[in-house]
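Working notes, beginning with the structure itself.
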């Protein structure tokens with residue numbers, strides 16, 4: 001989104017909106033501790049993808065952290 005529009009903060013807005021929507025779902029299904037843990041995981045993945053991108057490249061880094069975060073989320077919140 002940010003790259004397509006040239007407005008970098010727009011990517012942050014989209015990321016935040018998705019995070020809020022996911023958090024509300026986790027909260028209703030699993031409660032506060034799980035929501036807090038998964039939120040921390042996603043923030044860590046987001047932050048970790050940037051230094052990882054220097055080693056793997058941008059898209060491989062995004063795909064790697066997304067796969068890990070999605071897999072953990074599935075195991076914790078969806079099973």
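The values are calculated or read from the model by the stated rules, or taken from the named source; none is laboratory data. Since this is a predicted model, take the numbers as computed values, not measurements. So basically every Cβ, Gly included, is an ideal-geometry build from the backbone, and we count neighbours across all protein chains shown.
Look at region 51-60 and say how many of its residues are surrounded by 12 or more Cβ atoms within 10 Å (Cβ to Cβ) and closer than 19 Å to residue 14 by Cα.
1
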Notebook entry, point to check: Here are some conditions: (1) modelled with pLDDT under 95; (2) surrounded by 15 or more Cβ atoms within 10 Å (Cβ to Cβ). Residue 5 meets all but one. Which one does it not meet?
Noted result: (2)
Next item on the list: Scan region 30-46 residue by residue and report those that are farther than 12 Å from residue 69 by Cβ and surrounded by fewer than 12 Cβ atoms within 10 Å (Cβ to Cβ).
Entry: 31, 32, 33
Checklist line | For residue 67: the one exception among (1) more than 22 Å from residue 24 (Cβ to Cβ); (2) surrounded by fewer than 16 Cβ atoms within 10 Å (Cβ to Cβ); (3) at pLDDT 95 or above; (4) touching a helix residue (DSSP H, G or I) at 6+ places or on another chain (Cβ under 8 Å) | finding: (4)
